[in-house]
1. Can you tell me the FRET efficiency between ALA32 and GLN248 if r is taken as the Cβ-Cβ distance and R0 is 56 Å, rounded to the nearest 0.05?
2. Please give, to one decimal in nm, the separation of the simple spin-label points placed at THR39 and ARG383, each 7 Å out from Cα toward the Cβ.
3. Go ahead and run the numbers for FRET between PHE318 and SER137, Cβ-Cβ distance against an R0 of 41 Å, rounding to 0.05.
4. Please calculate how many Å² of accessible area the stretch 122-276 carries per residue, with a 1.4 Å probe and no DNA, RNA or ligand atoms counted.
5. Using a basic spin-label model with each label point 7 Å from the Cα along Cα→Cβ, how many nm lie between ASN352 and VAL236?
6. Over the stretch 125-174, what percent of the accessible surface lies on carbon and sulfur atoms, probe 1.4 Å?
7. Output ³J(HN,Hα) for the stretch 126-133: one whole-Hz value per residue in order, computed from phi by the Karplus curve 6.51 cos²θ - 1.76 cosθ + 1.60 with θ = phi - 60°, and x for Gly and Pro.
8. Can you give the extra length, in nm with one decimal, that the chain gains between ARG189 and ILE225 once fully stretched, where that is 0.36 nm per residue apart less the Cα-Cα distance?
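The values are calculated or read from the model by the stated rules, or taken from the named source; none is laboratory data. From a predicted model like this one, the values you see are computed outputs, not experimental measurements. Positions of Cβ are backbone-derived with ideal geometry, glycine not excepted, and every protein chain shown enters the neighbour counts. Remember, those area values only see protein heavy atoms, side chains included, never the ligands or the DNA or RNA. Shrake-Rupley method; radii C 1.70, N 1.55, O 1.52, S 1.80 Å.
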Amino acid sequence: MKKIVSIFKNKEIVGRIFFTVMILFVLRIGAAITVPGVTPKPELTDAMNSGNALAMMDLLGGGALSNFSIFALGVSPYITAQIIVQLLSKDVLPALTELSKQGQYGRKKIEMATRYLTLLLGAVQAYGIIQTMKNSSYIDFVDNGFFTYLYIVTILLAGSMLTMWLGDQITEKGLGNGISVIIFAGCVRSLPIQIRTAWGKWITQNQGMGSNALIRGSFQFFLYILALLAITAGVVFFELARRKIPVQHAGKSGQTASMARASFLPIKVNSAGVIPVIFASSIMMAPSVVASFISAEAAGAQWLQIFNYSSMYTMPWFDGETWQMPWGAIIYGVMVIAFTFFYSQMQIDPENLADNFQKSGSYIPGVRPGKETERYVSKILNRVTCIGAIALAVISLLPIALTLSGVFGSDTSLAIGGTGMIIIVGVCIELNNQIDGLLAGKSFEQVQGGTY
């Protein structure tokens, strides 16, 4: 309570909160404006509740794809471009590698390259989405050839760039990382809808069907809320879990025991965040996008269903029989684990870490500087990432498993999304840390000014 009072007494924090809310309000207005000339069909809403790659894009766009609005692309092209540039900066393209080592100037150049790549990827992705949705009968528009597609792609691309710019404004003048906050708003938006749907399905519909049906529905609703809270608690634990490696510094032999305990290198269990899930979803959608460039027949090919992780893939068996396997979900889970390992190595580079330790005179007790430190950190990182990758795969596959199992019947919108929870918890922790920093800075200024 005292912290809330301190927040409202701090004009800077209140101003940042107000600015962030206003930007999100603008985004919600844009998300309600459908692209002119395009008519979304009811099947589009059903597709957004099925847990497929389009649903992940809708999540990244704050729900703007569900009615094919001008902000339908969201920040997805920018995230994909950012990941590609980061990958190329790791000794793949020497020019980008050199820029990454040139401080502020290099970061500005890399950011500019990321934005140019965002334009290219956004145009490709917009055309792929249009073709995919048209072939799936999710949207309807008058097709007058090249200029019709150019018109729709331009609107979607402009909306994506405007969304990215608004995110930058949040980062600069608001609270938290703008891109993360935009995705966070889309995840939070879906929670009340899910709870309201669950209440209507298990409480409202059973009110006129006798006491036994009402008791059974109430119990189901209670279990649903309990599962939601359990997943939230698990994600919070997963996000805050760290492996602390003790670190000592040369020339500081006089430090106290408490200082020695406080000096450590924290390695998060989920150091990759939700990036592997986003990247895996983009890769899973790539075959459909590529096929849509070829022809409508290619986009509707049966073999593409193997990349649909929200459905079972039917295969032939002996004697004319068939059997089903969730190949899409399996491929998706494997890719999430692989990208978690890969991105964790990018976030915490053991080789650079060992070099920085050696330059600054820091060392891990019992481990020699240099190559031995690099091997030790790599071993710890791989063990921690193994736990994090499995946990991330389980959380991201949870709504898919619930959908395929039919726990919620035909209403797949009730599937509890673990991916959204990871984003919500991560952004909440980030916002809390930023507010604590602003409050601490204000307190320091008051002490320096002689207030206390």
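1. Computed FRET efficiency for ALA32 and GLN248 comes out at 0.50.
2. Modelled inter-label distance: 6.3 nm.
3. 0.70
4. Result: 52 Å² per residue.
5. It is 3.3 nm.
6. 63
7. These are the phi-based 3J(HN,Hα) values: 4, 5, x, 5, 4, 5, 4, 5 Hz.
8. That works out to 11.3 nm of additional length.
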